[in-house]
Number of protein chains: 2
Amino acid sequence: MAHPRFSRLAPERQQAILDVAAEEFAEHGFDGASYNRIIERAGISKGSAYYYFEGKDDLYATVLETTLTGLVDRVGTWTRPGDAADFWRQLRHAYFGMLDFVMSDERSARLIRGMAQARANPKLQEVWLRFEAPLSTWLGRVLADGRRVGAVRRDVPEDLLLVALTGMAQATDFWLLERWERQGANASRRSAEQVFALIQDLATERPTGKAPRAKKS
Amino acid sequence: MAHPRFSRLAPERQQAILDVAAEEFAEHGFDGASYNRIIERAGISKGSAYYYFEGKDDLYATVLETTLTGLVDRVGTWTRPGDAADFWRQLRHAYFGMLDFVMSDERSARLIRGMAQARANPKLQEVWLRFEAPLSTWLGRVLADGRRVGAVRRDVPEDLLLVALTGMAQATDFWLLERWERQGANASRRSAEQVFALIQDLATERPTGKAPRAKKS
DNA sequence: GCAGGATTAGACCACTGGTCTAACTACCGG
DNA sequence: CCGGTAGTTAGACCAGTGGTCTAATCCTGC
């Protein structure tokens with residue numbers, strides 16, 4: 001979305017600008033962040049700022065883009081699993097990789113967590129969709145693979161399961177963050193294991209083999 | 001938080017003001033909403049506005065307060081269940097009551113969904129905590145009751161389960177909303193059943209009786 | 001009828017994201 | 001080496017933001 005002119009800038013200059021912006025957005029969230037302040041701190045003029053980016057939204061999207069690219073590079077590798085064990089191994093790897101990423105780089109973590117704002121913010125729906133869609137697609141493919149090897153339950157609509165899992169992962173991320181801040185990295189590893197166990201639990205079919213129904217008892 | 005002066009106003013006047021505010025916040029979210037516009041539409045002057053409320057945050061909190069009160073009145077009743085069946089019946093009632101509330105009153109629904117913004121927004125953390133805390137307490141009590149009658153799993157820390165369930169419920173709410181808009185009330189009832197089944201599924205222990213662990217297969 | 005507190009009105013402030021024009025720079029043909 | 005032109009930058013300016021403050025008005029009790 002950013003004007004191509006921006007990419008023609010010297011890479012270090014680009015980096016510097018995005019750095020300032022990332023800092024601001026991470027600290028204050030999208031709405032709280034001041035475009036003017038970013039401009040000032042980056043040492044560019046308003047004219048230049050609007051020459052490179054279409055506006056605040058655009059800069060925000062660009063910052064998110066680079067951040068998420070970093071995450072995907074680290075975690076996004078996925079090869080079609082041969083069997084259920086392979087599936088879980090890969091999913092586990094991806095999940096803990098993401099946790100590592102999010103716990104080791106606070107700024108990126110805040111940016112990513114801040115995306116939740118974008119979903120609710122009418123002005124940012126475009127941005128939200130742009131980043132949410134590919135993520136859903138990716139996870140959808142992963143789940144489909146999981147079904148193929150018999151690891152993932154079939155008694156629940158695929159898209160519902162996807163949404164449920166994402167929501168749970170996101171919510172528990174905050175829970176983990178709290179744990180992590182209180183107990184440090186090592187102790188919170190156990191908590192992460194518990195969370196992953198829950199994810200696994202939700203994603204697999206109940207051993208009884210019955211579709212989950214609202215039971216009377 | 002609102003100044004007591006506000007409650008000394010004629011009830012219809014209060015209602016009118018909160019009505020305008022609710023509309024604005026529901027439509028634009030907290031950050032997008034214009035305090036000035038609310039003031040203007042409510043037909044009061046700036047002086048009065050700041051005489052009644054401490055500021056935008058305060059008005060927002062007041063609006064949320066009355067909205068959530070409506071929800072709690074409708075759904076919040078809970079008596080200690082005698083057995084597991086009773087527990088599920090009550091939980092089911094509460095869940096579907098909440099869904100009804102959220103699906104029948106769009107404005108309130110948007111306000112409540114908008115609360116997700118508050119969580120991420122640094123400026124609104126105070127507001128978020130104020131409303132999140134009692135809700136968590138309530139759900140915590142419910143889960144504890146569920147454990148007591150053997151309906152809710154014990155193999156997962158109580159607070160983790162709480163967070164996971166809330167996150168899932170919230171995420172699936174958006175999913176349901178989509179369904180509801182596309183299929184109408186009746187058809188989406190089935191979807192809601194599926195979601196509740198998932199909730200129930202997540203909250204109960206696996207029949208094998210084993211603690212969920214990261215299985216190798 | 002008047003004093004004094006409660007209430008209202010609205011000018012004013014620093015700041016917001018965004019627009020626009022004028023100036024400057026760099027390159028390229030003659 | 002100059003002149004013109006496209007690419008780039010600077011910053012004044014705009015309407016709108018949430019918030020403050022003072023002066024006027026209202027209302028009540030004496």
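With θ taken as phi - 60° and the Karplus curve 6.51 cos²θ - 1.76 cosθ + 1.60 applied, the whole-hertz 3J(HN,Hα) list for segment A:62-77 is 5, 4, 4, 3, 5, 5, 5, 4, x, 5, 5, 4, 7, 10, x, 5 Hz, x standing for glycine and proline. Mean-square fluctuations from a GNM of chain A, with a 10 angstrom spring cutoff on Cα atoms, peak among A:Ser191, A:Ser34, A:Ser48 at A:Ser48. In chain B, the beta carbon lying closest to the axis that superposes B onto A belongs to the residue given here with its whole-angstrom distance, B:Asp31, 2.
The string of couplings for segment A:18-23 from the Karplus curve (6.51, -1.76, 1.60, θ = phi - 60°) is 4, 5, 4, 5, 4, 4 Hz, one whole number per residue in order, with x for Gly and Pro. Each principal axis of the Cα atoms in segment A:160-200 has its own extent, and those three values, largest first, are 34, 16, 8 angstrom. Compared with the rule-of-thumb size 2.2 N^0.38 Å for a compact globular protein, segment A:118-217 has a Cα radius of gyration ratio of 1.29.
The angle between the Cα long axis of helix B:158-203 and the longest principal axis of the Cα atoms of chain B comes to about 70 degrees, rounded to the nearest 10.
Beyond 15 Å, what share of the Cα-Cα pairs of segment B:4-64 is found? Please give it as a whole percent. For segment B:4-64, the share of Cα pairs beyond 15 Å comes to 41 percent.
Between A:Glu181 and A:Arg37, the C-beta separation translates, for a Förster distance of 25 Å, into a calculated FRET efficiency of about 0.35. With one equal scatterer per alpha carbon and no solvent term, the Debye-computed log10 I(q)/I(0) for chain B at 0.10, 0.14, 0.16, 0.18 1/Å reads -0.54, -0.94, -1.13, -1.30.
Measuring spread by the Cα atoms of the protein assembly as shown yields a radius of gyration and Dmax of 23.3, 70 Å.
With only the Cα atoms considered, segment B:20-102 has a convex hull volume of 106 Å³ per residue.
Excluding same-chain neighbours fewer than eight residues apart, the aspartates and glutamates reachable from B:Lys56 by a Cα-Cα span under 20 Å are A:Asp31, B:Asp19, B:Glu23, B:Glu24, B:Glu27, B:Asp31, B:Glu40, B:Glu65, B:Glu126, B:Glu132. Sorted shortest first, the separations between the B:Arg190 label point and its copies elsewhere in the assembly read 4.6 nm; each point sits 7 Å from Cα along the Cα-to-Cβ line.
Under conditions of 25 °C and 0.890 mPa s, segment B:60-174 yields 163 µm² s⁻¹ as its translational diffusion coefficient, taking Rh as the Kirkwood radius over Cα pairs in the Stokes-Einstein equation.
Taking amide H as placed 1.01 Å from N in the peptide plane, A:Val152 has its amide H under 5 Å from the amide H of A:Arg147, each at least 5 places away in sequence or on another chain.
Each copy carries B:Pro207; placing its label point 7 Å along the C-beta direction from Cα gives inter-copy distances of 1.0 nm, listed from smallest up.
Inter-copy label distances at A:Arg141, using a point 7 Å along Cα-to-Cβ, come to 4.8 nm with the shortest given first.
Bear in mind that the values in this text are calculations on the coordinates, not laboratory data. Just so it is clear, the structure is predicted and the values come from calculations on it, not from any experiment. Because the Cβ atoms are built from the backbone with ideal geometry, glycine has one as well, and the counts that use them run over all protein chains shown.
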